[in-house]
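Peer 1: Just dropping this structure here.
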Amino acid sequence: MPVLKNIGVLSSGTTSGPQGQVYSISDAALVWRDETIAWIGAERDLPEQFASEKSFDAKGALVVPGLIDCHTHLAFGGWRCDEFVQRCLGRSYSDIAMAGGGILSTVKATRALSKSELLERCVGFLKEISTFGVTTLEAKSGYGLDVASEIKILEVYRELQKRPEIQLMPTLLAAHAIPTEFKSKRGKYIALIVDELLPRVAAERLAVFCDVFVDAVAFSNDEARIILQAANKVGLRAKLHVDQLADTGGASLAAELGAISADHLEFISDMGIQALRQKGVVAVSLPLASLFTRQSPLDARRLLEQGVPVAVATDFNPGSAPSFNLPLAMMLACTMNRMSPAEVLNGATIVAARALGLHADIGSIEVGKRADLALLSASSVDQWLYNFGSNACRATFKNGSLVYGAL
Ligand code: NIG
Ligand code: FE
């Protein structure tokens, strides 16, 4: 039973506590058996039976639960630096998308990669993501947009699920954009998703969730309803990209469809907030995307004050958020979304776990949960998020194994 000693401060939310609440133990120690946390407390109270076990020295680090990035578009080909330059000079994200750039240009680059090329790229990303203390990641398809290419991406995710550093939760996002070849026959593309892709993905258990991008440049509420009701029938729970560029009633749609999360939400209405609260849908804030596309950020305070939990994630993708730096997104959630550092820590751990249906197993440091930990050079959670200049993570444990750093 390994012991982590010499923890400066251990800080974590709890499975059922309010989002603003974090408990802290100074000069702490932590014990786990196999993959599961067995004892937590002040080191001076460490039971004698653990004293001679194998130990790791945390060297005074701040220890928090392994971070959970509950919204990424991990697998894609190429980058879109050219569009970044155009947007710097004033061209809008929607304008680029309407002109056939945006998502569709990444689709071309993604289709061109073989499965092993895509896998190699994703493995590289995962290794780097792990250096930020991230131990669980949701990953969407959505840059294939035909049966073979969407399956290729989900098969890459299946391979990545075998890796030790990060637990990966795959999402089918075939409804990310209408592919060029279906431009004038939208109904046929939706039928392809419903009749071919969804049954296959469900039969081969290639995804846990099904997502739809609802927007004027993507899919309508009615189209999302058709796809997500079909997904629900084959056992894939709904997630939604909604109210990102305008209020389209997307939050209410997420509530109506029993979605596990509603993501983006920069333009959420008061009615939308009430709908999320009533149906217990987790809101997911993606401040890197708001910042990078110059959107006005989600006012998370409005949601938190009305009892809607708010997760924080990166939205890592080549268009609106080309970064997997979750601690940076967390700092921005404090400053742009008006969340406290404690709310943000929970937003990227236990609330994010809830957005993935994993809250019974991960997302907080509690006896019986998995030993997923991030060790940080900081004296407190507040200090960690305040000093956002460099990566504070010194080591990462996933399922009780050291997967990044040396102790
Ligand atoms: O979450 N909103 C839709 N999808 C992505 C952007 C994808 C892209 O631009 O490639 C997002 O922001
Ligand atoms: Fe996204």
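Peer 1: Within the bounds of the range 271-286, is there any residue that is within 28 Å of G90 (Cβ to Cβ), at pLDDT 95 or above and away from ligand 2 (no atom under 13 Å from the Cβ)?
Peer 2: The answer is no; no qualifying residue exists.
Peer 1: From L356, L328, which residue is within 16 Å of ligand 2 (Cβ to nearest atom) and either at pLDDT below 95 or of a type outside the set (G, A, S) (or both)?
Peer 2: Step by step, each of L356, L328 is checked, and only L356 is within 16 Å of ligand 2 (Cβ to nearest atom) and either at pLDDT below 95 or of a type outside the set (G, A, S) (or both).
Peer 1: Among the residues of the range 145-156, count how many are charged (D, E, K, R), open to solvent by less than 10 Å² (accessible area, probe 1.4 Å) and in a loop (DSSP other than H, G, I, E, B).
Peer 2: 0
Peer 1: While we're on this one: Can you find, within the range 25-60, the residue that is farthest from ligand 1 (Cβ to nearest atom) among those that are in contact with a Lys or Arg (Cβ under 6 Å, 6 or more places away or on another chain) and of a type in the set (G, A, S)?
Peer 2: S55
Peer 1: Now for a different question. From the residues in the range 246-270 that are in contact with a strand residue (DSSP E or B) (Cβ under 6 Å, 6 or more places away or on another chain) and not in a loop (DSSP other than H, G, I, E, B), which one is farthest from ligand 2 (Cβ to nearest atom)?
Peer 2: So the residue we want is A251.
Peer 1: Sticking with this one: Does A352 qualify as being within 21 Å of Q161 (Cα to Cα) and within 18 Å of the chain's Cα centre (by Cα)?
Peer 2: Yes: the conditions hold for A352.
The values are calculated or read from the model by the stated rules, or taken from the named source; none is laboratory data. Every value quoted in this text rests on a predicted model; they were computed, and no experiment measured them. All Cβ positions, even for glycine, are placed from backbone atoms using ideal geometry, and neighbour counts span all protein chains on display. Calculation scope for accessible area: heavy atoms of the full protein, side chains included, ligands and nucleic acids excluded. Shrake-Rupley method; radii C 1.70, N 1.55, O 1.52, S 1.80 Å.
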